[in-house]
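Participant: The structure is given below, and queries will be raised subsequently.
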Amino acid sequence: MPERTPYLAANWKMHKTIAEAAAFVDALLPRIAATQHDVVICPPFLALSEVVERSRGSAVRVAAQNMHEAEFGAFTGEVSAPMLVEADVDAVVLGHSERRQHFNETDEALAAKVPAALAAGLEPILCVGESEEARDAEQTKAVLERQLQADLAQVEGARLAGVVIAYEPIWAIGTGRTATPEQAQEACAFIRDVVRERGAAADAVRILYGGSVKPANAAELMAQEDIDGALVGGASLDPEEFAAIIDAA
Ligand code: PGA
């Protein structure tokens, strides 16, 4: 089985000004100077360039939190993959549940966004996850399968290894209610099986867990066989806490 490099992503959501982003990077870099892990910061669009410049030469890579699938056009308020690439951005979060819930992000749009990101040279971090109602109705696997099949429909099997997948149960995001390691492992193993059926080198795909990851629960979650890292929201806003999560991986 190929070794999967641990992948730790800080999803800042709509937090941090440019100045605050700069201060975070300056505080984080000395704390992670020795890390061998993939460390990714996902700032708001306006702070992308600041984080790119300030983290040059370090382990940190930079991701946007969204993008439009078209290269350019009459889409007021949107940003395209080539624009992100020009800014030296490496990756992009796609399909976060907050975008699905509040901004009407659809599986149809994601089916276009994932291949558009890959074609431009951006690493997609595709988020999937079930609602509390779906989990209670034992529909977790059905929801995950539906999202993965729809969102990855236009990605050839051979390219799937370039997609990072984040399992984020909606009921665990920002709630302090983390999935148990067993729940998270079961879902991530299922995701790997779905990817394998698509003909991918599934053992090479990084699958992250997200939802109330903290320094105190990170090690136990990431020790699970199919969990290769974390997508961290609230706890990633503090450089000390995020560094502790990176250390735990
Ligand atoms: P949280 O957010 O860590 O604050 O729960 C995770 C996410 O939404 O990616």
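Participant: Would you pick out the residues in segment 64-79 that are open to solvent by less than 40 Å² (accessible area, probe 1.4 Å) and under 14 Å from E123 (Cα atoms)?
Facilitator: Matches in segment 64-79: A64, N66, M67.
Participant: Can R61 be described as under 22 Å from A19 (Cα atoms), basic (K, R), touching a strand residue (DSSP E or B) at 6+ places or on another chain (Cβ under 9 Å) and open to solvent by 10 Å² or more (accessible area, probe 1.4 Å)?
Facilitator: Here the answer is yes, as R61 does meet what is asked.
Participant: Give H102, H96 a once-over and let me know the one that is open to solvent by less than 20 Å² (accessible area, probe 1.4 Å), farther than 17 Å from G162 by Cα and not polar (S, T, N, Q).
Facilitator: H96
Participant: Here are A166, A184, A161: which of them is closer than 15 Å to D228 by Cβ and modelled with pLDDT under 95?
Facilitator: A161
Participant: Can you go through G57, G73, G77 and tell me which one is closer than 25 Å to V155 by Cα and without any contact (Cβ under 8 Å) to a residue 12 or more places away in the chain?
Facilitator: G73
Participant: On to the next question. Just to confirm my filter: which helices (runs of 4 or more DSSP H) fall fully inside segment 49-143 and include at least 2 residues that are more than 16 Å from the ligand (Cβ to nearest atom) and not hydrophobic (A, V, I, L, M, F, W, C)?
Facilitator: By residue number, 81-86, 107-120, 132-136.
Participant: What residue, among those in segment 180-218 that are among the charged types (D, E, K, R) and without any contact (Cβ under 8 Å) to a residue 60 or more places away in the chain, is least open to solvent (accessible area, probe 1.4 Å)?
Facilitator: R192
Participant: Which condition does R206 not pass, out of (1) among the charged types (D, E, K, R); (2) touching a Lys or Arg at 6+ places or on another chain (Cβ under 6 Å); (3) at pLDDT below 95, if it passes all the others?
Facilitator: (3)
Yes/no per residue for (1) aromatic (F, W, Y); (2) modelled with pLDDT of 95 or more; (3) within 13 Å of D151 (Cβ to Cβ):
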site: A74; (1), (2), (3): no, yes, no
site: V93; (1), (2), (3): no, yes, yes
site: R99; (1), (2), (3): no, yes, yes
site: F103; (1), (2), (3): yes, yes, no
site: A109; (1), (2), (3): no, yes, yes
site: A117; (1), (2), (3): no, yes, yes
site: A120; (1), (2), (3): no, yes, no
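Participant: Could you pull out the residue among A223, A235 that is at pLDDT 95 or above and under 21 Å from G174 (Cβ atoms)?
Facilitator: The match here is A235.
The values are calculated or read from the model by the stated rules, or taken from the named source; none is laboratory data. Please read all numbers here as calculations on a predicted model, not as lab measurements. Cβ coordinates were reconstructed from backbone atoms using ideal geometry, including for glycine residues, and neighbour counts include every protein chain displayed. Heavy atoms of the whole protein, side chains included, go into the accessibility calculation; ligands, DNA and RNA do not. Shrake-Rupley method; radii C 1.70, N 1.55, O 1.52, S 1.80 Å.
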